[in-house]
Each structure stands twice: as C-alpha cells, then as structure tokens.
Amino acid sequence: IPAIADSARVSPASAGAQTTKITTEYLMTLYAPLDPPQRIDSSLVIYNVRSGGWVKGARIKGALIAPAADWVRVMPDGSVRNDVRATIKTDDGALIYITYNGIVSRSKEVAERLAAGNVITAADEYFVTAPTMQTSSRTYSWLNHVHCVGKMVEVKMGDNSYVKYDIFIVR
C-alpha cells in the first residue's frame, strides 16, 4: 500500500500547474425555434422546440424533431441553468439524441432587451452549454465518444423566439 500512496502524491513542482490543454473542433450550428414559454413558477420555465429546427456542420446535417424542449431554471441570483433534450434526424435518416445543460449569465439591461424582443448575441451575455450525443447509427457512432461545448450565437424571445448555438467537440 505505501507504493500506492507514494504514486498518488503530487510533486510540489507540478502542484497547481496546468498539465494538459483543451482544444476544440467545430462540429455544427444548432438552430431551435421556440414556442411561447410555459411558466411553471418564478424559478422554472419550459420552452418547447417548434418544428423547423436544424443542425448544420461539415459532418452532420439534419432537423430537430419532437419531442424537444428546454427546461430553464432561474437561480436565486438571477443566473439561468438550462436542461435541454432533443432528437436530431439527420438528412440520411439517422436518429441522434442530444442533451445538454448550460449556464446563462446576463445583466439586468440585457434581460430587459431580451424581454422586449431584441436579438441578443454572444457579445451580450455568457451563455455556454455542454452537449453530449447518443446514437445507434454506425455512420455517427463517433458522436457517442465525444463531449462538446456550445456557445450561444443568438437568442430572441417573444414573437418568433429562437436560440442558435455553435457546437464544438472538446479535444
């Protein structure tokens, strides 16, 4: 057992030092048109994804199909936590389940602009997601083995609500 304990020690030279790097590879853009919100209470809002949603990338193209929705939790400090689940039907007929959580942090002024129906961009707020995917398709099975990060490109509430993300594979 002492050998195990010794191997678990971190040398002072590497303690707290970065030992690896993360890179990303663009996978796709996801566009989700949203129904009017279902306001459960002040801390929970559900957005159903309407038909017309899509994903487009060099290795994947398809439509978002029902069921698909975003369960949005408003935290006591005003930040937002997303819980999204959807199905992608690729142009060649494969089904891919995508799920992700995320964090949104916006100022009061940006929240007011969003509530007024303005388009908000990544320059306006912090809005990052962490997608994973699952499929039985041999063509897309590589998606079962990657974790992704998504960054909001645009979001709009009110008439013609939608959210649009760029999604990247983390390497």
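Residues to consider are Ala116, Ala94, Ala86; find the one that is at pLDDT 95 or above and within 18 Å of Tyr31 (Cα to Cα).
Details: Ala116 fails: within 18 Å of Tyr31 (Cα to Cα); Ala94 fails: within 18 Å of Tyr31 (Cα to Cα).
Just a single option satisfies the conditions, and that option is Ala86.
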Which of (1) touching a residue at least 40 places away in the same chain (Cβ under 8 Å); (2) touching a helix residue (DSSP H, G or I) at 6+ places or on another chain (Cβ under 6 Å); (3) of a type in the set (A, V, I, L, M) does Leu30 not meet, given it meets every other one?
(2)
Tell me which residues, restricted to the stretch 43-57, are over 27 Å from Gly78 (Cβ atoms) and in contact (Cβ under 8 Å) with a residue 24 or more places away in the chain.
Gly53, Trp54, Val55, Lys56, Gly57
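Are any residues in the stretch 130-151 in a loop (DSSP other than H, G, I, E, B) and either buried (at least 17 other Cβ atoms within 10 Å of the Cβ) or of a type in the set (Gly, Ala, Ser) (or both), and if so, which ones?
The first filter runs over the stretch 130-151 and keeps only residues in a loop (DSSP other than H, G, I, E, B), leaving 130-131, 135-140, 146.
Result: Ala130, Pro131, Thr135, Ser136, Ser137, Tyr140.
Is it the case that Gly102 is over 17 Å from the mean Cα position of the chain (by Cα) and small (Gly, Ala, Ser)? Before the answer, list the steps.
Values: over 17 Å from the mean Cα position of the chain (by Cα): no; small (Gly, Ala, Ser): yes.
For Gly102, the condition - over 17 Å from the mean Cα position of the chain (by Cα) and small (Gly, Ala, Ser) - is not met.
Would you confirm whether or not the stretch 109-129 contains a residue that is under 16 Å from Leu64 (Cβ atoms), in a strand (DSSP E or B) and touching an Asp or Glu at 6+ places or on another chain (Cβ under 6 Å)? Spell out the reasoning first.
Taking the stretch 109-129 as the starting set, the residues that turn out to be under 16 Å from Leu64 (Cβ atoms) are 129.
When the remaining residues are screened for being in a strand (DSSP E or B), the result is 129.
Restricting the remaining residues to those that are touching an Asp or Glu at 6+ places or on another chain (Cβ under 6 Å) gives none.
No: the stretch 109-129 contains no residue that is under 16 Å from Leu64 (Cβ atoms), in a strand (DSSP E or B) and touching an Asp or Glu at 6+ places or on another chain (Cβ under 6 Å).
The values are calculated or read from the model by the stated rules, or taken from the named source; none is laboratory data. All figures in this text were calculated on a predicted structure; none of them were measured in a lab. For neighbour counting, all protein chains shown are included, and Cβ atoms are generated from backbone atoms with ideal geometry for every residue, glycine included.
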